[in-house]
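Below is one structure, written out as structure tokens; comments come after it.
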Amino acid sequence: RFLIAQGVGPELVVGLAMGRGVNLVVAMQAIVAAGGAFVPVDPTHPVHRINHVLTTSDPVCVLTDEGFDPEDGVVAFDLNYLDVSAYSADLITDADRLLPLEPDHRAYVMFTSGSTGRPKGVAVTHRAIVNHLLWMMGQYRIGPQDVYLQKTASTFDVSLWGYLAPLISGARLVLAAPQGQKDPRYVAEAIAAHGVTLTDFVPPMLSALCSSAVPEQLASLREVFIIGEALSAHTAAAFSDICAAGLHNLYGPTEATVSVTHWSYRPHTGASVPIGVPQWNCQVFVLDAGLCVVPAGVPGELYIAGEVLARGYRDQEP
């Protein structure tokens, strides 16, 4: 309600400049409830990237808890000093919002790494992220019995698995300590200490975990999600040797709402694990330069269609 009073509503963006923690979860939920779209900002990133993110996304304001001081012209509110006691705690409805919230309104803006040029702000709709989260909940039976270890930086869309899936499924959310995601021994200890059933890894970190953990520490795991890089059969087999959890390889660009294909690992003779088959309401095609479907085994470019597609880049949206 505080955000609505500041003019936040559907189609408008709010910056999230804070590290992993309860404040980030609360702020993210508040922005979505107000009808706005959140754009994660890492306060530790270089100033030129932060300024690019803020200039391109054009937020109404920025929420922070780290004394973050954005560039001139951007209003920042520190959650440590924000008094919301005067506002009702009742659920927000369209009657409270500045405008009714629609499925094709922005839910978030996520910036790419910029590895192929300047970072691009990808605007993803409520329709697309809800479709993806409902698919995950159905595909992997995520529910109140689960515990998700969230350890991915909020500036990567994979973090939304941990931040959003537990909250809409009734699962418990465990937030890793700052920088904890870089220490495989800490990750193994956290899994054991909290009875974690779900989490995600990039392949190099999964490999490091296999070298550091003992089977007893990973016994509670039920499903593990891999994304970000190609998963080698060697790493997948090494994990399966010490943990009975399902291992799922997922693929997708930021422009297609986290992931678009999935494959559950099983031993095979290939050097890498396939990216698998399409998820709900998504189509993938391998096409040649003339946009014709290529035969199986023939190289081509991957094209994606369906509800998973982002609305566009923030500065190029229709």
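All of the numbers you see were taken from the coordinates with simple rules; none came from a lab. Predicted model, so just to flag it, every value in this text is computed and none were measured. For neighbour counting, all protein chains shown are included, and Cβ atoms are generated from backbone atoms with ideal geometry for every residue, glycine included.
Values computed for the structure shown
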quantity	calculated
Unmet criterion (only one of (1) over 21 Å from P178 (Cα atoms); (2) in contact (Cβ under 8 Å) with a residue 24 or more places away in the chain) for N23	(1)
Selection from the range 282-318 of residues that are in a loop (DSSP other than H, G, I, E, B) and in contact with a Lys or Arg (Cβ under 9 Å, 6 or more places away or on another chain)	E307, R311, R314, D315, Q316, E317, P318
Tally, over the range 178-196, of residues that are more than 18 Å from the chain's Cα centre (by Cα) and either in a helix (DSSP H, G or I) or under 15 Å from I242 (Cα atoms) (or both)	11
Test for P204: is it touching an Asp or Glu at 6+ places or on another chain (Cβ under 8 Å) and over 25 Å from R127 (Cα atoms)	yes
Of all residues in the range 1-22 being over 17 Å from the mean Cα position of the chain (by Cα) and in a helix (DSSP H, G or I), the one that is farthest from A153 (Cα to Cα)	A5
